[in-house]
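Peer 1: Can you keep this structure in mind? I'll have questions shortly.
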């Protein structure tokens, strides 16, 4: 009798780090609502402008937004803004589900990677409370090592988020993951740049504002239109993590 499992790549020694926004889900205009609420709670006034968000870390967005509106961006204010963002995301979680959507194939892809033995965490510009609220809004938390992710309050530099997620996930699980064992899945050239600077491979997904061609031009190791072909995604991860390929 044929055994389908024998034909499925093993990802036992692979670490997959997911971006969230426009990779797994989109919350549309609720992102700006969260920032508007948090800004007003932190400063006492509504913002006149909010900094660009796509592909950037929360830390960078906060600092630029404060400075654009004439407010100091010292660590005390930034820390207060983080707390306000987390509170706003929690309050607006139901609006995320109404006005946003889970992107095609993400939930099934997470399940297939887990079934193949892969470890999955996050590398996102979001701070942890916002990341959790978004994932919970769409039921996408199962199979992800949320506590060990690389989050956007760590640094403006996305490569540091990747390095942190590799280190923290490995220490948490007692597995010596290296950048060569790691694949970042994201939707922007900044995801590609950050992963490569940390030594990880990248599968780019064209569900954000960047096209397949733009993502490949940015240096993505592989690029897909969306996450709807989870079986192929597992194959690509296996190709990009040689240790799993050797030991399966």
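Coordinate-derived values only; no laboratory data. These numbers were taken from a predicted model, which means no experiment stands behind them. In this analysis, Cβ positions are derived from the backbone assuming ideal geometry, glycine residues included, and neighbour counts consider all displayed protein chains.
Peer 1: May I ask you to order 227-235, 184-192 by the average number of other C-beta atoms within 10 Å around their residues, highest value first?
Peer 2: Details: 227-235: 17.9, 184-192: 26.3.
In descending order of packing, they fall as 184-192, 227-235.
Peer 1: Normalising by the residue count of region 30-97, find the relative contact order in percent from Cα pairs under 8 Å and 6+ residues apart.
Peer 2: Working: 58 pairs, mean separation 27.7, N = 68.
Averaging sequence separation for qualifying contacts and normalising by length gives 41 percent for region 30-97.
Peer 1: Moving on. Just grab the label-to-label distance for residue 50 and residue 243, each label 7 Å out from Cα along the Cβ direction, in nm (one decimal).
Peer 2: Rounded to a tenth, the inter-label distance reads 4.0 nm.
Peer 1: Given R₀ = 45 Å, FRET efficiency for residue 71-residue 211 by Cβ-Cβ distance, to 0.05? Please list the in-between numbers first.
Peer 2: Numbers: r = 36 Å, r/R0 = 0.80.
FRET efficiency, residue 71 to residue 211: 0.80.
Peer 1: Could I ask something else about it? Pop a pseudo-label 7 angstrom from the Cα along the beta-carbon direction at both residue 94 and residue 79 and give the gap in nm to one decimal.
Peer 2: My value for the distance between the label points is 3.3 nm.
Peer 1: Can you tell which of 125, 117, 44 shows the greatest fluctuation in a Gaussian network model of the chain with Cα springs below 10 Å?
Peer 2: 44
Peer 1: Multiply the residue separation of residue 115 and residue 167 by 0.36 nm, subtract the distance between their alpha-carbon atoms, and state the gained length in nm to one decimal. Spell out each step's value before the answer.
Peer 2: Details: separation 52, 0.36 × 52 = 18.72 nm, distance 2.28 nm.
Here the segment from residue 115 to residue 167 would lengthen by 16.4 nm.
Peer 1: Taking N as the number of residues in the chain, what value does Rg over Cα atoms divided by 2.2 N^0.38 Å take? Intermediate values should be presented prior to the final figure.
Peer 2: Values: Rg = 18.1 Å, N = 248, 2.2 N^0.38 = 17.9 Å.
So the Cα radius of gyration is 1.01 times the expected 2.2 N^0.38 Å.
Peer 1: Something else: I need the P(r) histogram for region 30-97: all alpha carbon pairs, bin width 10 Å from 0 out to the longest distance, whole percents.
Peer 2: 22, 59, 18, 1
Peer 1: Please compute the length gained on full extension between residue 157 and residue 142, using 0.36 nm multiplied by the number of residues separating them and subtracting their Cα-Cα distance.
Peer 2: Details: separation 15, 0.36 × 15 = 5.40 nm, distance 2.74 nm.
Computed gain between residue 157 and residue 142 is 2.7 nm.
Peer 1: Under 8 Å for C-alpha pairs, at least 6 residues apart: give me the relative contact order for the chain, rounded to a whole percent. Before the final figure, lay out each step's value.
Peer 2: Numbers: 501 pairs, mean separation 65.5, N = 248.
26 percent.
Peer 1: To continue, here is another question. Do the sum for the chain: with -39,500 (n - 2.57) for every DSSP H run of n ≥ 4, divided by all residues, what is the mean residue ellipticity at 222 nm, to the nearest 500 deg cm²/dmol? Can you show the working numbers first?
Peer 2: Values: 11 runs with 117 residues, N = 248.
After summing the helix terms and dividing by the residues of the chain, the value is -14000 deg cm²/dmol.
Peer 1: Further question: Comparing 211, 84, 45, which has the greatest mean-square fluctuation in the GNM of the chain with Cα pairs linked when under 10 Å apart?
Peer 2: Answer for the Gaussian network model of the chain: 45.
Peer 1: While we're here: For the chain, set up a GNM with springs between Cα atoms under 10 Å and report which of 99, 22, 90 has the largest fluctuation.
Peer 2: 99
Peer 1: Specify the inter-centroid distance of region 181-205 and region 1-77, based on alpha-carbon positions, in whole Å.
Peer 2: 16 Å
Peer 1: Distances longer than 24 Å among the Cα atoms of region 129-248: what percent of all pairs is that? Could the numbers behind the result be given before it?
Peer 2: Details: 1880 of 7140 pairs.
Above the 24 Å cut-off, region 129-248 has 26 percent of its Cα pairs.
Peer 1: Could you tell me which of rounded, prolate or oblate describes region 71-165, using a ≥ b ≥ c as the square roots of the eigenvalues of the alpha-carbon gyration tensor, with rounded for a/c under 1.5 and, failing that, prolate when a/b is larger than b/c and oblate otherwise?
Peer 2: Details: a/c = 2.83, a/b = 1.39, b/c = 2.04.
Note, shape of region 71-165 comes out oblate.
Peer 1: For region 1-132, what is the per residue volume of the convex hull drawn over the alpha-carbon atoms, in cubic angstrom?
Peer 2: Numbers: hull volume 15.4 nm³, N = 132.
Looking at region 1-132, the number lands at 117 Å³ per residue.
Peer 1: Where does each of 141-147, 237-243 land if you order them by average Cβ count within 10 Å, highest first?
Peer 2: 237-243, 141-147
Peer 1: To continue, here is another question. Order by neighbour count: 53, 68, fewest other Cβ atoms within 10 Å first, most last.
Peer 2: 68, 53
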